[in-house]
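Right, one structure below, let's go through it.
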Amino acid sequence: MREDLSRREWMVRVVAAAGALTTASAETWRPEFLNERQNATLVSLGERIIPGSAAANCNRVIDLVLAIESEHNKQSFIAALSGFEKVRFTGLEPAEQDKILSRVSQPGADLHAQFALLKEWIADAFWSSQEGMRELGWQGRIAWKEFDGCEHPENRQRAPSGH
């Protein structure tokens, strides 16, 4: 996170940007921070690491967060991504991509640290998306009238604000 942005300002920008993600079609959306090649590599990696990450627009979320991240985090991400660009990851067949990912997932392997960093970003983006949350069992509800097993009578009268 950039030091000149408060946490609230950072969240407001991310929420506003996330709203823009839902209205931008695949044809009109362009990365704000990444270049097109880097974005394609990120999408390819994401789909091999967590299938469905492209449909969840994880690359778009990551790009928007990177646009307001600290220089250190931006450079770390780009350095990690460039390792996979050097092996031309995007142009490989899925089976070859899987072989590379299996190899680099092993501690001590070349590109292991880069893989771990990218996997963390992709996982964070996916598991916080609607698609990822649904995969975890979320059913789209934001508030409940009451909780099963909650014995407090005041919680049976209104939607809980946090139990």
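Annotations
Matching residues to (1) surrounded by 20 or more Cβ atoms within 10 Å (Cβ to Cβ); (2) under 10 Å from residue 126 (Cα atoms); (3) in contact (Cβ under 8 Å) with a residue 60 or more places away in the chain:
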residue: 46; (1), (2), (3): yes, yes, yes
residue: 51; (1), (2), (3): no, yes, no
residue: 55; (1), (2), (3): no, yes, yes
residue: 60; (1), (2), (3): yes, no, no
residue: 67; (1), (2), (3): no, no, no
residue: 70; (1), (2), (3): no, no, yes
residue: 74; (1), (2), (3): no, no, no
residue: 77; (1), (2), (3): yes, no, no
residue: 85; (1), (2), (3): no, no, no
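- Residue that is nearest to the chain's Cα centre (by Cα), among those in region 92-115 that are within 18 Å of residue 47 (Cβ to Cβ) and open to solvent by less than 50 Å² (accessible area, probe 1.4 Å): 115
The values are calculated or read from the model by the stated rules, or taken from the named source; none is laboratory data. As the structure is a computational prediction, the values presented were derived from the model and not from experiment. Ideal geometry is used to build each Cβ from the backbone, glycine not excepted, and the neighbour counts take in all protein chains shown. In case anyone asks, the SASA skips ligands and DNA or RNA and just uses the protein heavy atoms, side chains included. Shrake-Rupley method; radii C 1.70, N 1.55, O 1.52, S 1.80 Å.
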